[in-house]
Amino acid sequence: MFDIGFSELMVIAVVALVVIGPERLPKVARTLGHLFGRMQRYVTDVKADINREMKLDELRKYQEQFKEAALTAEHTFTDEVVKTEQLIKATPEAEEEQSIHEKSLKTPLEEPVSEDVPAAQLELGFESKKEPSTNPQKQA
């Protein structure tokens, strides 16, 4: 931090001993140590706060970039969906397929219905086939 050598520290200590005196020097040194410690803690706290704010600003920038990317993707997707729907509605084959599909939904089942098939299976389109049991214990 400071560019002070050992010889310079010795000169400062000798001058302090002469000026302050040997009786008050330990108390002054202790007080200076406490003040120096407080200053270091204060500087460390300020550095930590600055780093926290810088990281918070970076996170805010990333959040804004992510929001912009998501909105761009959403707009692109909805535009493509709208274009595709318009294209499908504009083709004559699509209109014919849609009318055929609507007709097939309106026609009833044309297959003969056996009496042993439950109604729920008929609605789902299943047919019941009775097969002989292959388990020899059940046949006995």
Checklist entry - Points 7 angstrom from Cα along the Cβ direction at Leu32 and Ala69: gap in nanometres? => result 5.5
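Under unit Cβ charges (Lys, Arg +1; Asp, Glu -1), what dipole magnitude, rounded to 20 debye, does the stretch 8-103 have relative to its Cα centre? The partial results should precede the final answer.
Numbers: 14 positive and 18 negative charges, 350 e Å.
So the dipole magnitude of the stretch 8-103 works out to roughly 1680 debye.
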Next on the checklist: Could you work out how much longer the chain between Phe6 and Glu53 gets when fully extended? Use 0.36 nm per residue separation minus the Cα distance between them, nm to one decimal.
Outcome noted: 13.1 nm
Next on the checklist: Please compute the modelled spin-label separation between Tyr62 and Ala90, points set 7 Å along Cα→Cβ, answer in nm with one decimal.
Outcome noted: 4.3
Next on the checklist: Quick check: residue separation of Val81 and Val43 times 0.36 nm, minus the Cα distance between them. What number comes out in nm?
Outcome noted: 8.0 nm
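Only the coordinates and a few stated rules stand behind these numbers; no lab work does. All values reported here derive from a predicted model rather than from experimental measurement. Cβ coordinates were reconstructed from backbone atoms using ideal geometry, including for glycine residues, and neighbour counts include every protein chain displayed.
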